[in-house]
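A short worksheet on the structure shown next.
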Amino acid sequence: DTGVSQDPRHKITKRGQNVTFRCDPISEHNRLYWYRQTLGQGPEFLTYFQNEAQLEKSRLLSDRFSAERPKGSFSTLEIQRTEQGDSAMYLCASRPRETGTNEKLFFGSGTQLSVL
Amino acid sequence: AQSVAQPEDQVNVAEGNPLTVKCTYSVSGNPYLFWYVQYPNRGLQFLLKYITGDNLVKGSYGFEAEFNKSQTSFHLKKPSALVSDSALYFCAVRDLYSSASKIIFGSGTRLSIRP
C-alpha cells in the first residue's frame, strides 16, 4: 500500500458532463503530480503542485482541465465537457521534499474514467 | 528532450529462467533513470533507480538494472523469474529541464512468466 488515495476508483460519465477526481497524497509529501495513462501507453505527465502552488502544466492539459490543491494537502482534478478521448486512467503521485537523491514517486491506484 | 524507449511490448519467460526487460534512453547530461512496476488493479510501484555510482543497481523483489552509458541502455534483469513477477514494467527518466522534476515514462513492457 503506497498510502496515496484516489477517489473514485471508477467513473462512467456521458460526453459533455463534468467530472471531478480527488487525490489524497501521503501526509508529509509536499509534491503532488497528476498523470494520465491510456491502454498500452506509459503514464503521461499532466500537472505538478508543490504545496498549494501549481508550478507546471503539460500542453496535454487543455482548458477543459483544471487542478487545485487548495491547502497543500489533497488535490482535485476536474474535467469539464468531457469527450470520449478523455477516457483513461488518471493517476496521482506524491513525493516528499527534496532530500539528497530522494526521487521516488508514490502512486495511487488511479481513477478509471470512461466517457460514453 | 529526455526520453526512454522500451523496444519490446511483451517478454515471455519460463519460471526459473533469467529475465531481461530492455530500455534505452536519450538524455542531455547525466541521466536519472528508474524502473517502475504495475500489477493489475494497483498503482505503479518503484523498483529501483540509477542516479550516480555503480552501474549495477539493485532494487526490490530481487530485480537489478545495469546502466550502460556507451549503449545508452538501462536494462532490467532478474536471475531467476517467478510467476508473481508477471506485470507491466515501465522504464522512466527524470526530465532535467522540468521545474517539477517530473518523470517521463516509456510505453511499458508486459512481462509474462509461465510456470
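Every number here is computed from the coordinates shown, using simple stated rules; none is lab data. Just so you know, these numbers come straight off a predicted model, no measurement behind them. Glycine gets a Cβ as well: all are built from the backbone with ideal geometry, and neighbour counts include every protein chain shown.
Between A:Leu55 and A:Thr76, 0.36 nm times their residue separation minus their Cα-Cα distance comes to what? Working shown, then result.
Numbers: separation 21, 0.36 × 21 = 7.56 nm, distance 1.52 nm.
Contour length minus Cα-Cα distance gives 6.0 nm.
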- Note on the structure: Phi-derived 3J(HN,Hα) across segment B:20-25 with the Karplus relation (6.51, -1.76, 1.60, θ = phi - 60°), rounded Hz, x for Gly and Pro, is 9, 10, 8, 8, 10, 10
- Rel. contact order, % - alpha carbon contacts under 8 angstrom, at least six apart, chain B: 37 percent
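In what order do A:Asp7, B:Asp54 fall by count of nearby beta-carbon atoms within 10 Å, going from fewest to most? Numbers along the way, then the final one.
Numbers: A:Asp7 13, B:Asp54 9.
With the fewest neighbours first, A:Asp7, B:Asp54 line up as B:Asp54, A:Asp7.
What is the sum of charges around A:Ala88, taking Lys and Arg as +1, Asp and Glu as -1, for the other residues whose C-beta is under 13 Å from the C-beta of A:Ala88?
Around A:Ala88, the charge tally is -1.
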- Item | Amide H partners (placed H, <5 Å) of B:Tyr50, local residues excluded | B:Leu33, B:Phe34
- Note on the structure: Long-range amide H partners of B:Glu15, meaning residues 5 or more apart or on another chain whose placed amide H is closer than 5 Å, are B:Arg114
- Can you pull the mean other chain C-beta count within 10 Å for peptide B:89-101? 3
- Note on the structure: Of segment A:19-53, those with amide N under 14 Å from the point 7 Å along the Cα→Cβ vector of B:Ser26 are none
- Note on the structure: When B:Glu64, A:Glu28, A:Glu78 are ranked with the fewest other C-beta atoms within 10 Å first, the list becomes A:Glu28, A:Glu78, B:Glu64
- Message: Let's test this: bin the Cα-Cα distances of segment A:1-111 at 5 Å from zero up to the farthest pair and state each bin's percent.
- Response: 2, 13, 23, 26, 19, 10, 4, 1, 0, 0
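Shielding by partners for A:35-44, please: the mean number of other protein chain Cβ atoms within 10 Å of each residue's Cβ.
Numbers: counts 4, 0, 5, 0, 0, 5, 5, 15, 10, 2.
What the average comes to for A:35-44 is 5.
Ranked highest first by the average count of other Cβ atoms within 10 Å around their residues, in what order do A:65-73, B:42-50 fall?
Numbers: A:65-73: 15.3, B:42-50: 20.4.
Per-residue mean Cβ counts within 10 Å order the peptides as B:42-50, A:65-73.
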